[in-house]
Each structure stands twice: as C-alpha cells, then as structure tokens.
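I have placed the structure first, in the form of structure tokens, so that the comments after it can refer back to it.
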Amino acid sequence: MRVAGSLAILVMVGGAALPAQAPNGANLQVYLMTMGPGAAIYERFDHNAIWVRDSATHTDLIYNYGTFEFPITTGGMLGFVADFAMGRPRYWLGVDSSLSDVLQQYTYFHRDVDVQLLNLTPSQRADIATRLAVNALPANRTYVYDYFRDNCSTRVRDLLDAVLGGALRRATVGKPAEGTLRFHTLRSITNDKLLFFGIDAALGPSVDRPLDQWGEMFLPGKVQQRVRELRVAGADGNDAPLVVREERLLTIGIYHVESAPPRWTLVLLIAGLAIALVVGLAMVRGSPGIVGHIVGSAWLLLMGAGGLLLVFFWAISHNVATFANHNLLVISPLALLLIGPFWSAEEGHTARWSGGVARVLIGTVVAAIILALVPGIAGQETLPVVVLTAPATLVAAWAVVRGAARVHK
C-alpha cells in the first residue's frame with residue numbers, strides 16, 4: 001500500500017509487451033512481491049505486487065494496485081483526503097518496467113522486499129500476464145479503493161485465486177484467522193499514538209467480527225503467508241507447493257509492526273481520570289475554577305466535534321467500517337450544546353434546557369460504559385475509548401446539571 005504515482009508507467013507498456021511473450025507462457029516467470037512496512041501511515045500495512053519476467057525478451061513488468069496521486073485539478077492532497085474520508089478514493093493498477101527502479105524506491109524508503117516464484121503452469125502464467133495487461137489498460141485500471149474489502153492486497157489475492165481456479169479461496173474461506181480487522185489495523189499503527197486512538201474511535205462494529213483466512217488477506221503479509229502454505233497440482237498431477245522458492249531482494253529491517261495491539265487500557269483510564277479531575281476544578285471558586293472552565297470547555301468542544309465526525313462517517317460517507325459506531329454514545333455532538341452552560345454553571349446563568357441535555361448525555365455515557373464492559377453483547381470493542389473519554393465528559397455534564405438545578409430551584 002504505497003504512493004507510486006511517480007513511478008507508474010502508462011499501462012500501454014503492459015499491452016505493448018504482451019505480444020513479445022510466448023502465447024503459452026513458457027518464457028514467463030511470475031513472482032509475488034511483498035514489501036515490508038514503512039514509516040508513513042499508508043506504508044504501515046505492507047504492500048504487494050505481481051512481477052512478470054520474460055526470459056525471452058529479458059523484460060520485467062511489475063504490476064501493483066496501490067497507485068494513487070494527489071491531483072492538482074481536484075484539490076491536491078486535500079482533495080484526496082476528502083475522497084478518502086467519503087470512502088471513495090480512486091486507485092489504479094500501476095506498471096513499472098524496471099525492477100531496479102522499484103528496488104531503488106524501496107531502498108529510499110527503507111522497506112524490505114521479498115519475492116516468491118510461483119509454481120504455475122505455462123498456460124496459467126500466460127493467463128496471469130494477459131489478465132494484468134488487460135486490467136492495466138486505461139479503461140480498466142482505475143477502481144474505488146476500500147481499505148478492508150478492495151485494496152492492493154485483495155486485488156492480488158483475487159487475481160491469483162482466479163488463475164488457480166479458486167484454489168486459494170477453497171483453502172482459506174471458513175478457516176479461522178487471527179484477530180479481527182480492528183486487531184490487525186491497530187497493531188500496525190502503534191508508531192502514532194494519536195492516530196491509533198483516532199482510528200480506534202472511528203471504527204464501528206463491523207471490524208470486530210471474526211475473520212477467516214480469506215478476509216485476513218486484506219494484508220499483503222497474509223497473502224504471502226497463505227501462498228506459502230498453498231499446494232497445487234503439479235505437472236505430474238501430484239500436489240506440490242505453489243511457491244517454488246523465496247528470496248529477499250532487499251533486507252533493511254528498520255520498520256516492523258507489532259504482533260498484537262498494545263494493552264493501553266489502564267494508561268488511558270488513568271489519563272481519563274486525570275482530565276476529569278482538572279475539569280472538576282470548574283466547580284471550585286478562584287483560579288483553579290478558571291483552569292477547570294478552560295479545560296472543560298475545550299474537552300466538550302473536542303468531544304462534540306469528534307461526535308460530528310462520527311456522524312459524518314456513519315450517515316454520509318461510504319466507509320462501511322465506520323457505520324453504527326457505538327462510540328457516538330460517549331463522543332457525542334451533544335457536548336457542543338453544553339460548552340456555554342458549562343462555562344456559566346458556577347455563575348448562576350445556566351439555562352434550564354441545559355440540565356436536560358446534560359442528563360441525556362450522562363445517560364448515553366453510562367450506556368457506553370455498560371456496552372464497553374460487555375463487548376460480546378455489544379459487538380464492538382470500545383473499552384479503550386470509553387475509559388479515556390467517559391470520566392471527563394461525566395464530570396462536565398454533571399457540572400451543568402448541578403448549575404442548572406441551583407439556578408432554577
């Protein structure tokens with residue numbers, strides 16, 4: 001999963017090279033390439049590609065489905081981010097005809113590169129070369145990217161499965177895999193704690209369902225693993241490994257991802273209680289109260305704005321992974337309505353309606369706490385988010401309830 005717009009050659013290269021390849025694929029070798037993680041967020045989940053080598057013409061074509069760019073005509077990077085937020089980013093199948101250029105790029109970004117030579121029949125090799133060349137035509141190459149369901153890795157998986165007559169699917173569908181989509185996502189982004197928390201909060205219950213090995217191959221490293229394990233019918237009719245041999249073309253070893261997400265719940269709870277303690281100072285007279293008012297108002301603004309984002313991801317965007325998010329119970333747009341009442345809660349100017357809004361927010365936060373403690377019933381893992389956000393929100397909402405009750409006795 002990488003930016004490769006600068007390297008992608010016009011896909012007519014693929015179509016132009018095809019006639020030079022033997023019709024039965026005898027001159028072809030097909031490799032699965034797997035690139036290790038990098039530093040940027042879009043590099044943390046590995047990447048993969050298909051490398052087709054023609055020994056007769058001494059040419060290489062490296063096809064990858066992870067190509068995208070920040071087009072100036074549609075707003076550059078901001079336009080791309082907007083498309084991604086809407087769940088409609090456009091990626092395409094890029095083609096590179098120079099293996100050395102590809103390796104040079106991954107050397108620059110300090111990423112490892114592995115290759116697996118695939119045990120395909122000549123007709124299967126010709127089939128995969130033809131499919132790739134046709135898919136790389138300008139009319140066919142672009143697709144709407146989905147991080148979990150249709151990405152650079154699932155496209156490679158589906159291509160290999162089609163050429164193998166469904167053998168990869170048969171070997172992996174229904175077989176339990178490790179963790180969930182949330183599990184694999186969070187373990188990959190531990191290098192950025194703010195992003196880690198934001199993504200965890202934004203993902204809904206669909207990413208907490210058990211995975212099978214087929215679904216797990218949204219990660220390139222899992223495609224590499226399952227291909228390594230797969231056995232296919234050889235030329236003599238007997239089963240043989242799909243992978244003839246493996247080789248590491250680049251060994252750098254700088255970046256890696258964790259085997260499991262970190263257990264930060266206790267640390268987040270302590271942080272949440274500390275924030276709540278500061279917010280609670282708003283109910284104290286004097287300068288501590290000013291600090292409490294500032295922090296509490298900022299906290300309500302943060303929770304309210306975050307709630308609006310969660311509503312956007314659920315109700316407007318096409319990101320299925322963010323639908324029906326239970327975190328809306330605690331990261332709520334209702335918090336925005338309490339900023340003014342919270343600021344004036346100790347001054348005797350709290351509006352009557354604010355107490356009702358605050359009680360509703362307290363009720364939703366309590367519901368979020370209950371659901372977080374029974375994720376098996378709720379169907380969503382929310383405990384880390386709830387222990388960080390619930391304490392301060394409860395204290396701020398209670399301050400508003402207290403202020404409204406005192407004013408309107």
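The table that follows gives values for the structure above.
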{"quantity": "Filter result for Arg131 (open to solvent by 30 Å² or more (accessible area, probe 1.4 Å) and either touching a Phe, Trp or Tyr at 6+ places or on another chain (Cβ under 8 Å) or within 30 Å of Ala315 (Cα to Cα) (or both))", "calculated": "no"}
{"quantity": "Number of the exception - Phe196 against (1) closer than 25 Å to Asp112 by Cα; (2) open to solvent by 30 Å² or more (accessible area, probe 1.4 Å); (3) free of Cβ contacts under 8 Å to residues at least 12 places away in the same chain", "calculated": "(2)"}
{"quantity": "Yes/no for Pro288 being open to solvent by less than 70 Å² (accessible area, probe 1.4 Å), more than 25 Å from Gln380 (Cα to Cα) and free of Cβ contacts under 8 Å to residues at least 12 places away in the same chain", "calculated": "yes"}
{"quantity": "Single unsatisfied condition, Asn319 versus (1) more than 22 Å from the chain's Cα centre (by Cα); (2) closer than 30 Å to Pro89 by Cβ; (3) not hydroxyl-bearing (Ser, Thr, Tyr)", "calculated": "(1)"}
{"quantity": "Filter result for Ala324 (in contact (Cβ under 8 Å) with a residue 12 or more places away in the chain and not hydroxyl-bearing (Ser, Thr, Tyr))", "calculated": "yes"}
{"quantity": "Extreme residue, farthest from the chain's Cα centre (by Cα), among residues of the stretch 368-385 that are touching a residue at least 40 places away in the same chain (Cβ under 8 Å) and open to solvent by 10 Å² or more (accessible area, probe 1.4 Å)", "calculated": "Leu371"}
{"quantity": "Where Val163 falls short, out of the listed (1) modelled with pLDDT of 95 or more; (2) surrounded by 18 or more Cβ atoms within 10 Å (Cβ to Cβ); (3) in contact with a Phe, Trp or Tyr (Cβ under 8 Å, 6 or more places away or on another chain)", "calculated": "(3)"}
{"quantity": "Test set (1) surrounded by 15 or more Cβ atoms within 10 Å (Cβ to Cβ); (2) at pLDDT below 95; (3) of a type in the set (A, V, I, L, M); (4) assigned to a strand (DSSP E or B) - Ala321 fails condition number", "calculated": "(4)"}
{"quantity": "Tally, over the stretch 243-267, of residues that are open to solvent by less than 60 Å² (accessible area, probe 1.4 Å) and either part of a strand (DSSP E or B) or in contact with a strand residue (DSSP E or B) (Cβ under 6 Å, 6 or more places away or on another chain) (or both)", "calculated": "3"}
{"quantity": "Leu168 vs. criteria within 25 Å of the chain's Cα centre (by Cα), open to solvent by less than 60 Å² (accessible area, probe 1.4 Å) and modelled with pLDDT of 95 or more", "calculated": "yes"}
{"quantity": "Residue check, Ala139 among the small types (Gly, Ala, Ser), in a loop (DSSP other than H, G, I, E, B) and either buried (at least 16 other Cβ atoms within 10 Å of the Cβ) or out of contact with any strand residue (DSSP E or B) (no Cβ under 9 Å at 6 or more places or on another chain) (or both)", "calculated": "yes"}
{"quantity": "Leu301 more than 29 Å from Phe183 (Cβ to Cβ), at pLDDT 95 or above, in a strand (DSSP E or B) and of a type in the set (A, V, I, L, M)", "calculated": "no"}
{"quantity": "Qualifying residues in the stretch 388-409 (those that are open to solvent by 20 Å² or more (accessible area, probe 1.4 Å) and of a type in the set (A, V, I, L, M)) - the one modelled with the lowest pLDDT", "calculated": "Val407"}
{"quantity": "Set Gly215, Gly174: member being in a loop (DSSP other than H, G, I, E, B) and more than 17 Å from Tyr42 (Cβ to Cβ)", "calculated": "Gly174"}
{"quantity": "Residue match in the stretch 325-344 (condition: at positive phi, surrounded by fewer than 20 Cβ atoms within 10 Å (Cβ to Cβ) and not aromatic (Phe, Trp, Tyr))", "calculated": "no"}
{"quantity": "Of the criteria (1) open to solvent by 50 Å² or more (accessible area, probe 1.4 Å); (2) touching a helix residue (DSSP H, G or I) at 6+ places or on another chain (Cβ under 8 Å), which one Ile270 fails", "calculated": "(2)"}
{"quantity": "Scan of the stretch 309-318 for residues that are open to solvent by 70 Å² or more (accessible area, probe 1.4 Å) and either within 12 Å of Pro205 (Cα to Cα) or among the polar types (S, T, N, Q) (or both), ordered by number", "calculated": "Trp314"}
{"quantity": "Restricting the stretch 58-111 to residues that are modelled with pLDDT under 75 and of a type in the set (A, V, I, L, M), the residue that is most open to solvent (accessible area, probe 1.4 Å)", "calculated": "Ile72"}
{"quantity": "Close pairs from the stretch 248-273: first under 18 Å from Glu381 (Cβ atoms), partner surrounded by 15 or more Cβ atoms within 10 Å (Cβ to Cβ) and small (Gly, Ala, Ser), Cβ under 7 Å, at least 6 apart", "calculated": "Gly272/Ala390; Gly272/Ala392"}
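Residue-by-condition table, conditions (1) modelled with pLDDT of 85 or more; (2) out of contact with any Gly (no Cβ under 9 Å at 6 or more places or on another chain); (3) on the phi > 0 side of the Ramachandran plot:
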position	(1), (2), (3)
Gly5	no, no, no
Leu10	no, yes, no
Ala26	yes, yes, no
Ala39	yes, yes, no
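The values are calculated or read from the model by the stated rules, or taken from the named source; none is laboratory data. As the structure is a prediction and not an experimental result, all values here were calculated from the model. Ideal geometry is used to build each Cβ from the backbone, glycine not excepted, and the neighbour counts take in all protein chains shown. Areas reflect the complete protein model, heavy atoms only, side chains present, ligands, DNA and RNA absent. Shrake-Rupley method; radii C 1.70, N 1.55, O 1.52, S 1.80 Å.
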